[in-house]
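The values are calculated or read from the model by the stated rules, or taken from the named source; none is laboratory data. All values reported here derive from a predicted model rather than from experimental measurement. Using ideal geometry, Cβ is built from the backbone for each residue, glycine included, and neighbour counts are taken over all protein chains shown.
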């Protein structure tokens, strides 16, 4: 299906809908975009209405030049569900998307039928340093580029 755009909470959000049936909302992780779930969408859309979207600051959604917080991401999902006239959905969150989904269900429990969390944390550590995280990810990718076999077996490369 073609990408669509909607303004939610003063941010232009890019989303797609695939299939019909009970709605599932896919929430991607940090540094990613809605295409993170591209391999799962064909199977899921055979039985569900699959809603994938780019979080604010990701993919084709707008990138407001302000600090983001968890509440913003959560309220963007609520705004998207409201716009699509969806009262309740399954929520699947990957990595940071899992943290967003978990926070969403705590704030809006009546809007979630089932919650699926993939490779996530309940919250960020108090000493979380986004710059250090990005540097670690880049170093890991560089390691894979230099020696893919070694980086696969040696987790110290990350």
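What the table shows:
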read-out	value
Residue that is surrounded by the fewest Cβ atoms within 10 Å (Cβ to Cβ), among those in the range 1-17 that are in a loop (DSSP other than H, G, I, E, B) and without any contact (Cβ under 8 Å) to a residue 40 or more places away in the chain	2
Complete set of residues in the range 78-102 that are assigned to a helix (DSSP H, G or I), surrounded by fewer than 19 Cβ atoms within 10 Å (Cβ to Cβ) and in contact with a helix residue (DSSP H, G or I) (Cβ under 8 Å, 6 or more places away or on another chain)	78
Search result, residues across the range 60-77 that are in contact with a helix residue (DSSP H, G or I) (Cβ under 7 Å, 6 or more places away or on another chain) and at pLDDT 95 or above	73, 74, 77
Subset of the range 36-46 (residues that are in contact with a strand residue (DSSP E or B) (Cβ under 7 Å, 6 or more places away or on another chain), assigned to a helix (DSSP H, G or I) and either within 18 Å of residue 113 (Cα to Cα) or at pLDDT 95 or above (or both))	41, 44
Of all residues in the range 18-35 being outside any loop (DSSP other than H, G, I, E, B) and without any contact (Cβ under 8 Å) to a residue 60 or more places away in the chain, the one that is farthest from residue 79 (Cα to Cα)	35
